[in-house]
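Right, one structure below, let's go through it.
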């Protein structure tokens, strides 16, 4: 079976849903944020704070493009993965992309640690600003959009499982 790639805003549940989905399908699980941390030996927020967004985006692109899983993997990306066309085209060559979407109101409830979580955003930007910048890109790269508002992780896993 083709890989399943999960994209969407931070805190939408890509990693949580990815692990549950991988278990349900008997797939392996890959988290590109963890690849960045393993490759650099640093936390995401540390890279953003000390090296800046461009360095973080470069590390993210490199991590995503290093993923060579040919099949049977669930791949959870960082929320800013869609800023790299090269990375997204690489992922799309190897799987089906699911955009996990929730409202900005729900995101704000989930993102109590916005400045320490490793979210790639410019100083002064709000979560609404980041969502507005990314929403069109998520839609562009998605093969399927999964509305996650008011659904449990298990409901979302079941929906993707049924699509796939």
If I filter the range 7-14 for residues that are touching a helix residue (DSSP H, G or I) at 6+ places or on another chain (Cβ under 7 Å), modelled with pLDDT of 95 or more and surrounded by 14 or more Cβ atoms within 10 Å (Cβ to Cβ), do I get at least one hit?
yes
Single residue of the range 123-144 satisfying the filter (more than 12 Å from residue 104 (Cβ to Cβ) and touching a helix residue (DSSP H, G or I) at 6+ places or on another chain (Cβ under 7 Å)) that is surrounded by the fewest Cβ atoms within 10 Å (Cβ to Cβ)
144
Which condition number does residue 129 fail, the rest of (1) at pLDDT 95 or above; (2) over 21 Å from residue 34 (Cβ atoms); (3) in a helix (DSSP H, G or I) being met?
(1)
Working only within the range 62-106, note down all residues that are surrounded by fewer than 21 Cβ atoms within 10 Å (Cβ to Cβ) and in a helix (DSSP H, G or I).
62, 65, 83, 85, 86, 89, 90, 92, 93, 104, 105, 106
Filtered residue count, the range 30-47, keeping only those that are surrounded by fewer than 19 Cβ atoms within 10 Å (Cβ to Cβ) and either touching a residue at least 12 places away in the same chain (Cβ under 8 Å) or in contact with a helix residue (DSSP H, G or I) (Cβ under 7 Å, 6 or more places away or on another chain) (or both)
5
Got a sec? Which of 17, 30 is outside any helix (DSSP H, G or I) and either within 19 Å of residue 130 (Cβ to Cβ) or in contact with a strand residue (DSSP E or B) (Cβ under 8 Å, 6 or more places away or on another chain) (or both)?
30
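The values are calculated or read from the model by the stated rules, or taken from the named source; none is laboratory data. Since this is a predicted model, take the numbers as computed values, not measurements. No Cβ is skipped: glycine too gets one built from the backbone with ideal geometry, and neighbour counts run over all protein chains shown.
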